[in-house]
Amino acid sequence: AQSVTQLDSHVSVSEGTPVLLRCNYSSSYSPSLFWYVQHPNKGLQLLLKYTSAATLVKGINGFEAEFKKSETSFHLTKPSAHMSDAAEYFCVVSDRSGATNKLIFGTGTLLAVQP
Amino acid sequence: DSGVTQTPKHLITATGQRVTLRCSPRSGDLSVYWYQQSLDQGLQFLIQYYNGEERAKGNILERFSAQQFPDLHSELNLSSLELGDSALYFCASSVEWTATDTQYFGPGTRLTVL
């Protein structure tokens, strides 16, 4: 079975400082991993995805994530936080155990950006 | 804008009632998914359709049902509503159903059961 664990429920950073949101995965297969962002009262937007190509994945708005098989991690980073980055971030794995690609979501990390 | 549309945006109803949530996928997408987001359960997969056929079921209650029509839009029917059904319901779509396919999410329907 596939699963993801987001290690922090809340992260607070100052504007202009780096962002690190941590995610560990568990998968019997080579995983497809995603990061989605949800701004307040909005839908889910894809930030980036890993599908077994390059291990360093670049996404939108300056975010990137590195797939580390040895550590079973897929942490999300950004060099410099903006106020507009304040949102909830979900680490997600695609289920490969059957004839489906349903998404399995982590519990989310709420990112606060202080001025 | 993801290209996935959902109606209505908000729905307020009473316990015991029945409601229908509608989703139109992105043009060209054959797969439609429904997810529920609640405070206690987080984001959970409910059901998936591919080109009109049910593909997979998740934690969907027997009181809930869905279908995908020939024009590929989908409806999620929730009946005998309970207070605990209050949640944000998302629809997503993708071209196919492989693990690498990106799922694009609609803005959601917020259901409040009073």
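All of the numbers you see were taken from the coordinates with simple rules; none came from a lab. Computed from a prediction, not measured in an experiment: that's the story for all the values here. As a convention, Cβ positions derive from the backbone with ideal geometry for all residues, glycine included, and neighbour counts pool all protein chains shown.
Let me spell out the model: positive unit charges on the Cβ of Lys and Arg, negative unit charges on the Cβ of Asp and Glu, origin at the Cα centre of region A:30-106. What dipole size does that give, in debye rounded to 20? All intermediate terms of the calculation are to be shown ahead of the outcome.
Values: 8 positive and 6 negative charges, 37 e Å.
That gives a dipole near 180 debye.
Per-residue mean of other chain beta-carbon atoms within 10 angstrom of the beta-carbon, peptide B:22-35?
Per residue, the average neighbour count from other chains is 1.
Please work out the C-alpha center-to-center distance from region B:36-111 to region A:39-115 and express it in whole Å.
That distance is 21 Å.
If we count every other residue with Cβ under 14 angstrom of B:Glu54's Cβ, Lys/Arg +1 and Asp/Glu -1, where does the sum land? Provide the component values of the computation, followed by the final result.
Details: positive: A:Lys102, B:Arg55, B:Lys57; negative: B:Glu53, B:Glu75.
After counting each charged neighbour, the total is +1.
Could you order peptides B:53-65, A:34-46 by the average number of other Cβ atoms within 10 Å of their residues, highest first? Walk me through the numbers before you get to the answer.
Numbers: B:53-65: 14.2, A:34-46: 18.7.
Ranking, from highest mean packing down: A:34-46, B:53-65.
Among all the lysines, which ones have a C-alpha under 30 Å from B:Lys57's C-alpha, if same-chain residues fewer than 8 places away are not counted?
A:Lys42, A:Lys49, A:Lys69, A:Lys102, B:Lys9
Over the protein assembly as shown, consider all pairs of different Cα atoms and compute the Kirkwood hydrodynamic radius from their mean reciprocal separation; express it in Å, one decimal.
Details: mean 1/r = 0.0554 Å⁻¹.
It is 18.1 Å.
What does DSSP give for chain B in terms of the percent of beta bridges that are antiparallel, rounded to the nearest 5?
Details: 37 of 41 bridges.
If we restrict to bridges inside chain B, about 90 percent are antiparallel.
Considering only DSSP beta bridges whose two residues both sit in chain A, what percent are antiparallel, to the nearest 5? Each step should come with its number before you reach the end.
Working: 34 of 39 bridges.
The antiparallel fraction comes to roughly 85 percent.
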